[in-house]
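Chemist: Below is a structure I'd like to ask you about.
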Amino acid sequence: MNAKNTLKTAITGLKMQRSRSLLTILGIVIGITAIIMVTALGQGAQNLILGEIRSIGSKVIAVAPGRQPEGPTDFISMFSDSLKEKDLAVLRKKENVPHLAKIMPIVFGSEVMAYQADTYRPTIIGGTDLFAEIYDTYPDKGRIFTEEEIKSYADVVIIGFKVKNELFPDSDALNQKVRIKGRNFRVIGILPHKGQSSFFNFDEIAVLPYTTAQRYIFGIKYFNRFTVEADSEDSVLQTVEDIRITLRNSHGITDPAKDDFFIETQASAIDMVGTITSVLTLFLASIAAISLLVGGIGIMNIMLVSVTERTREIGLRKAVGATAKDILRQFLFEAALLTMLGGIIGILLGALFSFGISLILSKALALSWAFVFPVKAALLGLIISAAVGLIFGLYPARKASSKNPIESLRYE
Amino acid sequence: MSENIFPLIRAKNLSKIYDGNFTETSALGGVSFDVEAGEFLAIMGPSGSGKSTLLHILGFLDKPTSGDYYFEGKKMEEFNDEELAGIRNKKMGFVFQSFNLLRRTALLENVKLPLKYAGIAEKEQDAMARRALAAVNLPEETFSHEPSQLSGGEQQRAAIARAIVNNPSIIFADEPTGNLDSKSGEIVMQTLQKLNNEGNTVILITHETFTAEYAQRIIRLLDGQIESDNRVSNRRFNGFIK
Ligand SMILES: Nc1ncnc2c1ncn2[C@@H]1O[C@H](COP(=O)(O)OP(=O)(O)OP(=O)(O)O)[C@@H](O)[C@H]1O
Ligand SMILES: [Mg+2]
């Protein structure tokens, strides 16, 4: 019998026991649904995080003082004063870091800001005029501070969207004086609504020239961070190396293990996020896969019952000319069809549920969460479900095909 | 050519022992005979004498415990599973004592079953199955009925239609008239007679002497042995003797 006819025979066989067939595949349906949901949501989460990281720009390199933190309680590495003004100077030299296009030193912390009787506690960021370019946020009112203002420790501030709304709910903030640490600052710019990024909430910041912030707000002579932009994406790795060597020379370090700074790139962050979410997804998916195993055993069980029940049918088919191979194929087809049907239902349900969850996440939590249909997982699910049918159908099918026709026909 | 030297069927010392849990039953105890192509052979004998056992072996549905069975000059063991299935499908038609129709399956589909394994085009399958059902005098409206909706006689005739649908050259029939009234029984016997007249071999098990009267030869079994093997001349339809 050819494959087409075997398929038809298998379908007829399944139709004859429709409700039992549907109950049998429940395990497969649940397993595949779970796998599709886990991968779809995992991919959605990954895309969300990666999107955040990418929005900073892939040419951006961050240099931070201290060691790479080894854990959330690794305080020493976070409060380090190893990045100084002289480092900024050597990094700016073309011969040291040739592909460096921009560099911005940053200091940050939290301080109370007051306007008349109102107070608010924004994140204070001391930076340069490059701030707007690097983070792609330009004041929609006012302007950015000038190089001259940086050099002259000017008392000017650019405030975030929420800071403005809190301190100046009804009035225009521009050119008003706000007080931080007893000093008056003139508001020269107001940033538009941007929201949370991976580092800080842009709506809750106040940006000062770094010189002013260092001297009058934080009283320090070091930096919390250098934000560097390479001249192209291709030169990022080279630039990272150049920065490393330059800073080691500047700090007189010969043993790389004693580095008092660390460098992060977007690529390394993306790598890390990708690895973490992939491992997590895989872990959850493999838990879901256990239900496939259970489903497969269910299939085997039902196929065994079916084979026993249909012993006479098998005997008759052999008596009128079916080969052992025909019978084997018929039962394998039945099993694989059944599980593939389960797989398809599971894929549809999984897609539906994860689409629903994506909607809830994006609407209720206002995340920029997009539904991703996991094509690869769906294909894999289909293959796995067919394989479950073939593997768990093999034993019953073998049993069915190996019987002698008259023995089967005599079966009561 | 092997056909010239060998008969269609040669049974040499066939024996069959069934293994029970505590006892062994010897159903056939060394049976030898030849059947030429075109013969109409009746096998008779009391219940339990081994008739069905013998017919199953001849029809490639069972294997003998010892002895040799030659089909068209070739030993049974020399055929592989696929060849055996092919011969069962194309050269042999088997009518079972208990019909063995597929339940919850229309008669037409039941009759088509051997054609599906023969790789015959679907359109042709339908025409062939209808012709076979008509040949056993089943009315058109029963074709779509399932076996449970039919009388025993109608089911028996459908089973015969299935046995002849692939134009086999040998028909094995295990008491094909056992469940039928004498009129239906006669229709069945006439169908077999017609097939035999067309040159096909018919091997039939029967209890009834009137049925055996269609045969040219009667083998009588007793306790798994051949008691007698006679050519018969008192044919019911003398006109059919060549
Ligand atoms: N599967 C089996 N297992 C054990 N013994 C069996 C089996 N099939 C048949 N026998 C025994 O073999 C003997 C011959 O059985 P068989 O069916 O060939 O008889 P029969 O001549 O066809 O009888 P009947 O006319 O009643 O159909 C009987 O004694 C029977 O009990
Ligand atoms: Mg019998």
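Chemist: For the pairs B:LYS90/B:LYS116; B:LYS112/B:LYS183; A:LYS318/B:LYS63; A:LYS4/B:LYS75, note any where the Cα-Cα span goes beyond 23 Å. Walk me through the numbers before you get to the answer.
Modeler: On the way: B:LYS90/B:LYS116 11 Å; B:LYS112/B:LYS183 26 Å; A:LYS318/B:LYS63 14 Å; A:LYS4/B:LYS75 34 Å.
In this structure, B:LYS112/B:LYS183; A:LYS4/B:LYS75 exceed 23 Å between Cα atoms.
Chemist: Rounded to a whole number, what is D in µm²/s for chain A from Stokes-Einstein with the Kirkwood radius over alpha-carbon pairs (20 °C, 1.002 mPa s)?
Modeler: On the way: Rh = 26.5 Å.
This corresponds to a translational diffusion coefficient of 81 µm²/s.
Chemist: So what is the relative contact order of chain B, in percent, for Cα pairs below 8 Å that sit 6 or more residues apart?
Modeler: Over chain B, the number comes to 27 percent.
Chemist: Using protein heavy atoms only (no ligands, DNA or RNA), what is the total accessible area buried between B and A, 1.4 Å probe, nearest 100 Å²? Write out the running numbers ahead of the final one.
Modeler: On the way: alone 11970 and 21210 Å², together 31030 Å².
Adding both sides of the contact gives about 2100 Å².
Chemist: Now for a separate question. Contact order normalised by length for region A:81-259, with contacts defined as Cα pairs under 8 Å and 6 or more residues apart; what percent is it? Intermediate results must be reported in sequence, preceding the final value.
Modeler: Working: 338 pairs, mean separation 58.3, N = 179.
After rounding, I find 33 percent.
Chemist: Right, next: Leaving out ligands and nucleic acids, and using a 1.4 Å probe, what accessible area per residue does region A:81-259 come to in Å²? Don't jump to the answer; show the numbers that get you there.
Modeler: Numbers: 8590 Å² over 179 residues.
Value for region A:81-259: 48 Å² per residue.
Chemist: Mind checking region A:91-179 for GluC sites (Glu not before Pro) that DSSP puts in a loop (not H, G, I, E or B) and that have at most 13 other Cβ atoms within 10 Å? Write down the numbers at each step before the final one.
Modeler: On the way: sites: A:GLU95, A:GLU111, A:GLU133, A:GLU147, A:GLU148, A:GLU149, A:GLU166; in loops: A:GLU95, A:GLU111.
Answer by residue number: A:GLU95.
Chemist: Scan chain B and report its longest stretch carrying no chymotrypsin sites (Phe, Trp or Tyr not before Pro) that are both in a DSSP loop and have at most 16 other Cβ atoms within 10 Å. Intermediate values should be presented prior to the final figure.
Modeler: Details: sites that count: B:PHE22, B:PHE79, B:PHE237.
Between the exposed loop sites, the longest stretch runs B:80-236.
Chemist: Cross-link partners among lysines for A:LYS258, C-alpha distance below 20 Å, same-chain residues fewer than 8 apart left out?
Modeler: A:LYS84, A:LYS86
Chemist: Accessible area of chain A with a 1.4 Å probe: how many percent of it is carbon plus sulfur? The partial results should precede the final answer.
Modeler: Values: 12470 of 20110 Å².
Result for chain A: 62 percent of the exposed heavy-atom area is carbon or sulfur.
Chemist: Taking only DSSP H segments of four or more residues, each worth -39500 (n - 2.57), what value at 222 nm results for chain A once the sum is divided by all its residues, to the nearest 500 deg cm²/dmol?
Modeler: On the way: 14 runs with 221 residues, N = 412.
Taken over chain A, the calculation gives -17500 deg cm²/dmol.
Chemist: Using the heavy atoms of the protein chains and a 1.4 angstrom probe, tell me the accessible area per residue for region B:3-231 in square angstrom.
Modeler: For region B:3-231, the solvent-accessible area averages 42 Å² per residue.
Chemist: For peptide A:320-331, how many partner chain Cβ atoms fall within 10 Å of a residue's Cβ, on average?
Modeler: 5
The values are calculated or read from the model by the stated rules, or taken from the named source; none is laboratory data. Because the structure is a prediction, the values reported are computed rather than measured. Cβ atoms come from the backbone with ideal geometry, glycine included; neighbour counts cover every protein chain shown. For accessibility, only protein heavy atoms count, side chains too; no ligands or nucleic acids. Shrake-Rupley method; radii C 1.70, N 1.55, O 1.52, S 1.80 Å.
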